[in-house]
Amino acid sequence: MPTPRRTQVAIIGAGPSGLLLGHLLHRAGVDNVILERRSAEYVLGRIRAGVLEQTTVDLLEETGLGARMRREGLVHDGVELSFGGARHRIDFVALTGKRVTVYGQTEVTHDLMDARRAFGGETVYEALDVALHDFDGVTPRVTWHDARGEHVLDCDFIAGCDGYHGVSRAGVPAASIETYERVYRFGWLGILSDTPPVSPELIYSNHARGFALCSMRSPTRSRYYIQCSIDEHVDQWSDDAFWDELRRRLDPHAAETMVIGPSIEKSIAPLRSFVAEPMRFGRLFLAGDAAHIVPPTGAKGLNLAVADVRYLANALIEALAERSNAGIDHYSERCLRRVWKAERFSWWFTSLTHRFPETGAIGQKLQRAELDYLVSSHAASTAMAENYVGLPFEDS
Ligand code: APR
Ligand code: PHB
């Protein structure tokens, strides 16, 4: 048995949740170690959504992570909804006074990794067979092995930031956890290309052939998605076939003016709504994708992860530095209130914009009526806008 080392918080997973938690804890003088199954290059190679709510931007700014985001992030004042051959703008600023920032999750992860390196925070990459022990007692422990051998880490708390397929949630006894899940019957086929975005703002398109989304990473790099069947394989889609299908699902102006080019990444992502309750088990806390998944329509995943981590960092700092359990006792309930609202919005926006063959012709008519109502009613547009830009925190 190797000699145990000690830290205050053992963090499982070096995605945005784990890295941000490590950053916030470090700033408050709380010692932490991150254990990540993959290499840093692998983590940075994952391409995910890229729309940041104002509260996410503010937190990154306030904690010294905003410099590159300020330079390279694209501030968007609204989005467009496309249906019936025309586009309709939802003006976030006019409706809510707020904006969103388009800045890829990969870039956020990059900035977090750089910050961690700069303060000398420890991240163990390629940590294999990470196992959690005794988190329902007072002396939790994490074990793993890597190229250097077997390791034991004693700690006060464990943060499970290891995503949907991680070990943290899987290690909780089935009787202590309730899960809620919907798996959609379709996926998103996405491509990244070094072409200018078709329009300065995002376009969410409802079309009889299926959903399409025009997004971007920079003024010269576009990210596009089309709804596809989950049985399809990405190799079945040539770039030409993708561009043709995308253009068919957009309004004539967008289809004509779109600049196309070779894809630099192409992949299919499944869509899922998932929540695990509660998010705390003794001295183990789940955060981000380890506890919940939203379908990507509306780009809530990263923002929800940041909201969890904000609550968790404050709660752990209170518990360790001030010896108060108030924050950790309320952690799960506080997060879940926000989580369910984002689950509802992401499900609703998915239902409104995608093709659901099982709902038939009446389903399409009802979607169209709701879209007409959404873009013509101030109340309905405001409800959509306030969810998209991010609901306010109840405790701030
Ligand atoms: N041991 C150690 N690390 C693990 C293990 C394990 N057994 N299993 C998974 N991990 C790592 C993964 O390799 C990954 O780097 O945990 C990390 C989890 O990162 P994410 O999946 O990015 O989850 P999270 O940090 O919560 O980020 C949430 O990601 O999926 C998007 O939409 C979501 O944007 C949101 C964000
Ligand atoms: C993206 O840019 O990848 C993106 C944007 C908005 C979404 C989902 C994904 O709703």
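Coordinate-derived values only; no laboratory data. Note that the coordinates shown come from a computational prediction; the quantities given were computed from them, not determined experimentally. Here the Cβ positions follow ideal geometry from the backbone for every residue, glycine too, while neighbour counts run over all protein chains shown.
Express the relative contact order of the chain as a whole percentage, based on alpha carbon pairs under 8 Å and six or more residues apart in sequence. Display every interim value, and only then the final one.
Numbers: 777 pairs, mean separation 79.0, N = 396.
That works out to 20 percent.
Report ³J(HN,Hα) in whole Hz for each residue of the stretch 328-342, in order, from the Karplus equation J = 6.51 cos²θ - 1.76 cosθ + 1.60 where θ = phi - 60°; Gly and Pro get x.
After applying 6.51 cos²θ - 1.76 cosθ + 1.60, I find 6, 5, 9, 3, 4, 5, 4, 5, 5, 4, 6, 4, 5, 5, 6 Hz.
Starting from the alpha-carbon convex hull of the stretch 141-242, give the projected area averaged over all orientations, in nm².
Values: hull surface 48.3 nm².
About 12.1 nm², averaged over all directions.
Need the list of lysines near LYS341 for cross-linking: C-alpha distance under 20 angstrom, and skip anything on the same chain fewer than eight residues off.
Of all the lysines, those that pass the test against LYS341 - Cα under 20 Å, at least 8 places apart if same chain - are LYS98, LYS300.
Between TRP348 and ARG89, what length comes free when the chain is fully extended (0.36 nm per residue of separation minus the Cα-Cα distance, one decimal in nm)?
Going from the current span to full extension adds 91.4 nm.
Quick one: net charge around LEU391, please, counting Lys, Arg +1 and Asp, Glu -1 for every other residue with C-beta under 11 Å from its C-beta.
Values: positive: LYS98, LYS300, ARG337, ARG338, LYS341, ARG344; negative: GLU53, GLU386, GLU394.
Net of charged neighbours comes to +3.
Rounded to the nearest 0.05, what FRET efficiency is calculated for ARG117 and ALA174 with R0 set to 41 Å and r the Cβ-Cβ distance? Don't skip to the answer; put the middle values down first.
Values: r = 39 Å, r/R0 = 0.95.
Here the calculated transfer efficiency is 0.60.
Checking the cross-link filter: which aspartates and glutamates have an alpha carbon closer than 12 Å to that of LYS266, excluding same-chain neighbours under 8 positions apart?
Result set, ordered by chain and number: ASP235, ASP239.
Given points 7 Å out from each Cα along the Cα-Cβ axis, report the HIS233 to VAL259 separation in nanometres with one decimal.
Placing both labels 7 Å beyond Cα along the Cβ direction yields 3.4 nm.
Can you show me the helix-derived [θ] at 222 nm for the chain, built from DSSP H runs with n ≥ 4 at -39,500 (n - 2.57) apiece and divided by the number of residues, rounded to the nearest 500.
Numbers: 13 runs with 151 residues, N = 396.
Result for the chain: -11500 deg cm²/dmol, rounded to the nearest 500.
Report, in whole Å, the centroid distance computed from the Cα atoms of the stretch 119-157 and the stretch 1-18.
Taking the Cα centre of the stretch 1-18 as reference, the centre of the stretch 119-157 is 5 Å away.
If you stretched the chain out fully between ARG148 and SER324, how much longer would it get, using 0.36 nm times the residue separation minus the C-alpha to C-alpha distance?
59.6 nm
Using modelled backbone amide H atoms (1.01 Å from N, in-plane), which distant-in-sequence or interchain residues come within less than 5 Å of VAL124's amide H?
Here ILE34, LEU35, GLU36 satisfy the definition.
Roughly speaking, what is the stretch gain from ASP194 to HIS133, that is 0.36 nm per residue apart minus the C-alpha to C-alpha distance, in nm to one decimal?
17.3 nm
Tell me the net charge near VAL124. Cut-off is 9 Å between Cβ atoms, VAL124 excluded, with +1 for each Lys or Arg and -1 for each Asp or Glu.
Once positives and negatives cancel, what remains is -4.
Could you work out, for the stretch 282-396, what percent of all Cα-Cα pairs fall into each 10 Å distance bin, beginning at 0 Å and stopping at the bin that holds the largest distance?
12, 36, 27, 16, 8, 2
Please turn the phi angles of the stretch 140-150 into ³J(HN,Hα) values with the Karplus equation 6.51 cos²θ - 1.76 cosθ + 1.60 (θ = phi - 60°), one per residue in order, whole Hz, x for glycine and proline.
x, 8, 10, 10, 6, 9, 8, 4, 8, x, 8
Based on DSSP, what percent of beta bridges with both residues in the chain are antiparallel, to the nearest 5? Display every interim value, and only then the final one.
Values: 55 of 74 bridges.
Of those bridges, close to 75 percent are antiparallel.
Let's test the formula: R0 of 30 Å, r as the Cβ-Cβ distance of ARG5 and ARG27. What FRET efficiency results, to the nearest 0.05?
According to the calculation, E is roughly 0.85.
Kindly write out, for the stretch 161-166 in residue order, the coupling ³J(HN,Hα) from the Karplus curve 6.51 cos²θ - 1.76 cosθ + 1.60 (θ = phi - 60°), rounded to whole Hz, with x marking Gly and Pro.
Residue by residue, the stretch 161-166 yields 10, 9, x, 4, 9, x Hz.
Using a ≥ b ≥ c from the Cα gyration tensor of the chain (square roots of the eigenvalues), is it rounded, prolate or oblate, where a/c under 1.5 gives rounded and otherwise the larger of a/b and b/c decides, a/b for prolate?
prolate
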